[in-house]
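Below is one structure; the comments refer to it alone.
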Amino acid sequence: MLVLSRQRDESIMIGDNIVVTIVDIRGDKVRLGINAPSEIPVHRQEVYEAIQRENLRASRLEPGDTQDIGTFANRNAARPGGDKPR
Amino acid sequence: MRITTTRFGCIDVEASDLIRFPSGMPGLEDCREWALLADASNDALGWLQSTTRGDVALAVVSPRRFVPEYQVRIPRSELSPLALADMRQAQVVVVVGQNGTGLTLNLKAPIVINLEARTGRQVVASGDLPLQYELFHERPSLKKSA
């Protein structure tokens with residue numbers, strides 16, 4: 001791992017299009033600002049890893065595992081055809 | 001195109017069934033092209049089948065059919081790679097999982113699909129949402145997120 005020391009408002013460049021800036025330092029918490037192209041996802045590591053594990057687990061499901069899923073559908077719920085994000 | 005799958009055998013998929021995921025998905029980064037299939041016996045369920053890995057498929061559902069109060073807040077930065085000019089072109093589905101108790105829904109990381117451009121992305125929704133929302137017949141309500 002490359003270890004660099006930075007003070008508040010200083011930045012690090014990763015490649016030629018990712019910039020990490022120290023926005024604030026308060027006690028043992030550091031606030032980081034990340035400038036990256038939108039196609040590069042940026043996440044807290046533990047969140048990303050949890051999603052990875054969940055996707056891998058879910059990718060092992062077989063049709064036999066899901067055959068009862070219709071019984072959990074709510075009769076008053078929105079009809080299929082898509083949920084629109086807010 | 002004809003694809004070979006472990007769950008559904010050899011199937012023919014139309015270009016209109018294909019969805020491109022430019023970033024793949026966490027854990028499935030190399031799966032960039034998927035076919036959205038209907039489940040044969042269950043109209044509440046779809047399957048996202050990887051066209052490059054026959055053994056990889058994800059069961060997906062429309063979340064509000066199971067969790068009517070689910071309102072996903074997706075940061076703009078998460079949506080911009082999909083070039084969604086209009087939210088009406090978007091469809092949100094969530095991945096079905098399984099834990100020791102039974103079937104679960106990944107409400108924390110829904111999949112957003114741009115229907116017109118046929119592109120998709122798994123996004124991280126804001127708020128305290130579960131990766132494994134357990135499906136029960138008497139559902140607990142989703143806690144209001146902060």
Legend entry - Selected residue (only one of B:THR52, B:THR104 is at pLDDT 90 or above, part of a strand (DSSP E or B) and of a type in the set (Ser, Thr, Tyr)): B:THR104
Legend entry - Test for B:LEU48: is it touching a residue at least 40 places away in the same chain (Cβ under 8 Å) and within 14 Å of B:GLY120 (Cβ to Cβ): yes
Legend entry - Filter result for B:SER77 (surrounded by fewer than 18 Cβ atoms within 10 Å (Cβ to Cβ) and small (Gly, Ala, Ser)): yes
Legend entry - Residue satisfying condition, being closer than 11 Å to B:VAL93 by Cβ and crowded, with 16+ Cβ neighbours inside 10 Å, within set B:VAL67, B:VAL60: B:VAL60
Inset, instruction - Give B:ARG88, B:ARG64 a once-over and let me know the one that is touching a strand residue (DSSP E or B) at 6+ places or on another chain (Cβ under 9 Å), of a type in the set (Lys, Arg) and either over 14 Å from B:GLN122 (Cα atoms) or more than 7 Å from chain A (Cβ to nearest Cβ) (or both). - result: B:ARG64
Legend entry - Failed item in (1) part of a loop (DSSP other than H, G, I, E, B); (2) more than 28 Å from B:GLU14 (Cβ to Cβ); (3) more than 7 Å from chain A (Cβ to nearest Cβ), with B:ALA117 passing the rest: (2)
Inset, instruction - Pick out, from the stretch A:1-47, the strands (runs of 3 or more DSSP E) lying fully within it that include 1 or more residues that are of a type in the set (Ser, Thr, Tyr), more than 16 Å from the chain's Cα centre (by Cα) and more than 21 Å from B:GLY24 (Cα to Cα). - result: A:11-14, A:18-26
Inset, instruction - Test each condition in (1) farther than 16 Å from A:SER59 by Cα; (2) under 18 Å from the mean Cα position of the chain (by Cα); (3) exposed (fewer than 11 other Cβ atoms within 10 Å of the Cβ) for B:ARG2 and report the one that comes out false. - result: (2)
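The values are calculated or read from the model by the stated rules, or taken from the named source; none is laboratory data. Since this is a predicted model, take the numbers as computed values, not measurements. When we count neighbours, we look across all protein chains shown, and the Cβ atoms used for this are built from the backbone with ideal geometry, even at glycine.
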